[in-house]
Amino acid sequence: KQEVTQIPAALSVPEGENLVLNCSFTDSAIYNLQWFRQDPGKGLTSLLLIQSSQREQTSGRLNASLDKSSGRSTLYIAASQPGDSATYLCAVRANSKLTFGKGITLSVRP
Amino acid sequence: DAGVTQSPTHLIKTRGQHVTLRCSPISGHKSVSWYQQVLGQGPQFIFQYYEKEERGRGNFPDRFSARQFPNYSSELNVNALLLGDSALYLCASSLATSGAYEQYFGPGTRLTVT
């Protein structure tokens, strides 16, 4: 059974700091991994998708890496801003479903 | 182009009642998946449908059922509601069922059971 872990559950950083969010998964037989952002009470916004054959993806200030063999992914956020405050979820895709972690709630202090 | 749409946005039901949630996928997408997100947790997979057939089912009781229509829209039905069914219900669509295809999520339906 696939399990996805995100630690810590919450993180608070000052504005401007570069930060890394970690995600680990137990079964390396995945098609892809996605990082999502979720604002309180809202749906999911896809940030980055990395196919299993890829090592990383970049979008603006975000960079996500994937090491499938070790079951790890990181989301790097450069020059964090208060508007980045949200919950960040990673999810791995195998067969018909996505398996999600519980998310990391990020707070960026002005 | 319109994204995934869900209705209603919010609803409140009483224990024991039945509820129907609706989802319209992105135009051209033939696969719809449903997820339940309880407060403080990540979304949990409920169902996947493709071409009107169930292609995957998560670990949910038989009170949960779904169907997909010829226009690829979908309904999620929950019978005999329990307090624990209170959650955000998310619908996602994709071109097909292959894991290579990205799933795009709708805004969700917030269900409160009292």
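The values are calculated or read from the model by the stated rules, or taken from the named source; none is laboratory data. Everything numeric here is computed off the predicted structure, so don't read it as measured data. Note: ideal-geometry Cβ built from the backbone for every residue, glycine included; neighbour counts use all protein chains shown. Each accessible area value is taken on the protein alone, full model and side chains, heavy atoms only, with ligands, DNA and RNA left out. Shrake-Rupley method; radii C 1.70, N 1.55, O 1.52, S 1.80 Å.
All conditions but one from (1) among the charged types (D, E, K, R); (2) within 11 Å of the chain's Cα centre (by Cα); (3) in a strand (DSSP E or B) apply to A:LYS102; the one that does not is (3). The residues in the range A:75-87 that are surrounded by fewer than 17 Cβ atoms within 10 Å (Cβ to Cβ) and part of a strand (DSSP E or B) can be counted, and the count is 1.
Take the residues of the range A:23-53 that are without any contact (Cβ under 8 Å) to a residue 60 or more places away in the chain and open to solvent by 60 Å² or more (accessible area, probe 1.4 Å): which is farthest from the other protein chains (Cβ to nearest Cβ)? Here the answer is A:THR26. The condition of being in contact with a Phe, Trp or Tyr (Cβ under 8 Å, 6 or more places away or on another chain) and in contact (Cβ under 8 Å) with a residue 60 or more places away in the chain holds for only one of A:VAL20, A:VAL4, that being A:VAL4. A count restricted to the range B:4-58 and to residues that are open to solvent by less than 40 Å² (accessible area, probe 1.4 Å) and either polar (S, T, N, Q) or part of a loop (DSSP other than H, G, I, E, B) (or both) stands at 14. Against the definition (at the interface with another protein chain (Cβ under 7 Å from one of its Cβ atoms) and under 13 Å from A:ARG37 (Cβ atoms)), how does A:GLY103 come out, yes or no? For A:GLY103, the condition - at the interface with another protein chain (Cβ under 7 Å from one of its Cβ atoms) and under 13 Å from A:ARG37 (Cβ atoms) - is met. Note on the range B:79-109: residues that are surrounded by fewer than 19 Cβ atoms within 10 Å (Cβ to Cβ) and outside any loop (DSSP other than H, G, I, E, B) total 3. With respect to the conditions (1) away from chain B (no Cβ under 11 Å); (2) surrounded by 14 or more Cβ atoms within 10 Å (Cβ to Cβ); (3) of a type outside the set (A, V, I, L, M), A:ARG61 falls short on a single one, namely (2).
Of all residues in the range A:3-22, those satisfying the criterion of being closer than 23 Å to B:TRP34 by Cα and open to solvent by less than 30 Å² (accessible area, probe 1.4 Å) are A:VAL4, A:GLN6.
For B:LEU76, the criteria (1) open to solvent by less than 20 Å² (accessible area, probe 1.4 Å); (2) within 14 Å of another protein chain (Cβ to nearest Cβ); (3) touching a Phe, Trp or Tyr at 6+ places or on another chain (Cβ under 7 Å) hold in every case but one, which is (2).
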